[in-house]
Amino acid sequence: MVTTVRIARLIALVANRIVLTVYVWAVKLWEWPGLLADERPRFVVDEIVAPARGDTYAIVVKYAKFGLDDGVAELVAALARQGVNVILVCNGQPRPEQLERLRADAHRVLVRRNIGRDFGAYRAATLLLEREGLVPDRLLYFNDSVIYLDGPELDRLIAALLMSTAGMLGAFENHETRHHLGAFTFAHSADVVADPAVRRFWRRYRAYSLRPHAILRGEIRLTTLVKSRGHRLDVVYSAQRLASALQQLPASELAGLWRYLPSRIRGREAVGGPDSPILRDSLIDQLMASFMNSNQAHYGFGLFYRVLKAPIVKKDLLGRGVYLEHQCLRILDDLPPATAQAVVRLLANRGRPVRLRGLYRFRYRNGLI
């Protein structure tokens, strides 16, 4: 009986792999003509809204089908306040009222076909800057796969991205497959922007819409390349910075942080007892182990927000089954209630993986969405 079950599982695994391979190649063949046409990026709209100030730029990607309740408009305004020239790249044609609000603080607005997700937009804007001979002192990248929480902490995040001397600085890092910096928020120095190998990467990158392609051939390959070229990497909300902050807390507060961990981890009870260095070290070890070898922006969200005040909320926290609505509200309970409710409603509107059927189930289980 056990052997039969194992054989059935093996057959299902092989069948899934075959179907996945066929699906991926079908998508690539379908998208190939569009990629060829966009080899030299083309834009439906290319408007310089305001003259450039200074030598720092940010490429901010907005998917036209998403509304403006994710903090992107506030992000653009915060960047402008710190003297950053914002290049807003819209994947798809936004509604006029959305575009008008976004362009108020932008240096330049680019509207393009939605080719290749956020990394395709990064490529298009980066190559445009190269074509125009611009090598910014600091080039920042943002996309709208996260919610940006407006306020002093967002200003501090932007300042950190601008002031760092690292060749590549990310808001978060990821150890889930291969180590890399998250593509939703990162910055490059002038040395990295001008590096021939990095420029070659952007020119050669094929902007397929497949999520695994964007991760493996996009953000992972870019991080690996920057490291291999000898540029220094750093992270704003790093595990070591979080650990240092945890070291300053008494055992009672460390144990209290347990309620901000994901559901799959909270079932493991923290050890208790009188405050002591041994107890505190044990609690810190358990807290850090809960997210260290995973996607830290997902599984470390509660800790990074509560301890380091990271102003970034991944939009798929519910969709990936990491948290539930009431747990997100618990983490965000220091925000005004209306703001916290709006954030969690935005997360909930994306749905969660229950009762998936057909092609959607296949795509979800294989990481295609």
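The values are calculated or read from the model by the stated rules, or taken from the named source; none is laboratory data. Keep in mind it's a predicted model, so treat the numbers as computed, not measured. So basically every Cβ, Gly included, is an ideal-geometry build from the backbone, and we count neighbours across all protein chains shown. Just the protein is used for accessible areas: all its heavy atoms, side chains included, with ligands, DNA and RNA removed. Shrake-Rupley method; radii C 1.70, N 1.55, O 1.52, S 1.80 Å.
With an 8 Å Cα cut-off and a minimum separation of 6 or more residues, compute the relative contact order for the chain in percent. Could the numbers behind the result be given before it?
Details: 556 pairs, mean separation 55.4, N = 369.
The normalised contact order for the chain reaches 15 percent.
Computed over the chain, the per-residue total of -39500 (n - 2.57) for DSSP H runs of n ≥ 4 gives a 222 nm mean residue ellipticity of -14000 deg cm²/dmol, rounded to 500. In a DSSP loop and with at most 15 other Cβ atoms within 10 Å, the trypsin sites (Lys or Arg not before Pro) in the range 59-143 are K65. Distance between the modelled labels on Y360 and R81, one decimal in nanometres: 3.9 nm (7 Å Cα→Cβ projection). Overall size of the chain from C-alpha positions, given as principal axis extents largest first: 63, 56, 44 Å. Taking every alpha-carbon pair under 8 Å whose residues sit at least 6 apart, the range 82-185 reaches a relative contact order of 21 percent. Just the protein heavy atoms count here, and of the accessible area of the chain at 1.4 Å, carbon and sulfur take up 55 percent.
Would you calculate the volume per residue, in Å³, of the smallest convex hull containing every Cα atom of the range 88-212?
Per-residue hull volume (Cα only) is 133 Å³.
Between R95 and R259, residue separation times 0.36 nm minus the direct Cα-Cα distance comes to 55.0 nm.
Over the range 88-149, Cα pairs under 8 Å with separation of 6+ residues give a relative contact order of 33 percent. At q = 0.08, 0.15 Å⁻¹ the log10 of I(q)/I(0) for the range 120-277 amounts to -0.31, -0.90, computed by Debye summation with a single uniform scatterer per C-alpha, solvent ignored. Here, the range 33-123 is characterised by an Rg to Rh ratio of 0.96, where Rg is the alpha-carbon radius of gyration and Rh the Kirkwood radius.
I'd like to check one number: the per residue accessible area of the chain, probe 1.4 Å, reported in Å² as a whole number. Write down the numbers at each step before the final one.
On the way: 17600 Å² over 369 residues.
It amounts to 48 Å² per residue over the chain.
Placing a label point 7 Å from the Cα of T165 along the Cα-to-Cβ direction, no residue of the range 43-76 has its backbone N under 16 Å from that point. In a fully extended conformation the segment linking D55 and R200 would gain 49.9 nm over its present Cα-Cα distance, using 0.36 nm per residue.
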